[in-house]
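Quick notes on the structure that follows.
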Amino acid sequence: MRLLFLGPPGAGKGTQAERVAQRLGIAHVSTGVMFRQHVADGTELGQTVDAIMKSGDLVPDELTISMLEERIRHDDAADGYILDGFPRTLAQAQALDAHLGAEGLDAVVVLDVPEDELVGRMMSRGRKDDSEESIRNRLRVYAQDTMPLIAFYAERDIVASVDGVGELADITERILSVLDGGSGGGLNSTV
Ligand code: ADP
């Protein structure tokens, strides 16, 4: 199963992607985590992306796409994965399509969280790139570059919106239920 979790920064994609990946026994692939690891390790890529991430801008597509394509070739991704934080631009989505071929993604889960709640969540998690200015920029970049992907995937009828407010465990169950198509949920629904 190949899934994509979409949603604004602070929506809890990373947390939920980790939990759902564990439940489904598939890999959790987060480009944000991978870039932060490169920064921490001081690799050449890490040195390139450090300032970009702090400002809340996007890392250039070609760097992001090649890192991601290399990652999903690993053995642990052979049975499926949840993409978290990629694709974030139309160019990345098109590159992913080209890479995956005809089969493509099975489902796209959009986590819905109101904007005032997002800022509060990010301010309280205390990550290095979570300054107020960077957060505002990331929300702007999300609206401009990433939100169009919802319509892009909705044309394939693979999008499900899930309410991202509430208890962590409840949100996980909501996601699993839309992926199952059970209990009134299912793709193209709102839970
Ligand atoms: P958040 O969900 O809070 O935005 P992420 O961990 O997903 O956090 O991403 C952190 C930063 O990493 C982004 O602001 C961006 O600079 C960089 N990044 C992550 N994924 C991508 C991507 N697919 N394309 C470009 N930049 C990315």
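The values are calculated or read from the model by the stated rules, or taken from the named source; none is laboratory data. No experiment lies behind these values; they were computed from the predicted model shown. For neighbour counting, all protein chains shown are included, and Cβ atoms are generated from backbone atoms with ideal geometry for every residue, glycine included.
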Review point. Could you say whether any residue in the range 140-158 is surrounded by fewer than 14 Cβ atoms within 10 Å (Cβ to Cβ), of a type in the set (D, E, K, R) and either in contact with a Ser or Thr (Cβ under 8 Å, 6 or more places away or on another chain) or farther than 26 Å from residue 23 by Cβ (or both)?
Key: yes
Practice item. Give the range 114-147 a look and list any residue that's assigned to a loop (DSSP other than H, G, I, E, B) and either in contact with a Pro (Cβ under 6 Å, 6 or more places away or on another chain) or at pLDDT 95 or above (or both), or say none. Key: 147
Check your understanding: When only residues in the range 101-110 that are at pLDDT 95 or above and in a loop (DSSP other than H, G, I, E, B) count, which is farthest from residue 65 (Cα to Cα)?
Key -> 106
Revision key, fill the gap. Here the qualifying pairs (Cβ atoms under 9 Å; residues six or more apart or on different chains; first in the range 56-82 and of a type in the set (Ser, Thr, Tyr); second surrounded by fewer than 17 Cβ atoms within 10 Å (Cβ to Cβ)) come out as 81/1
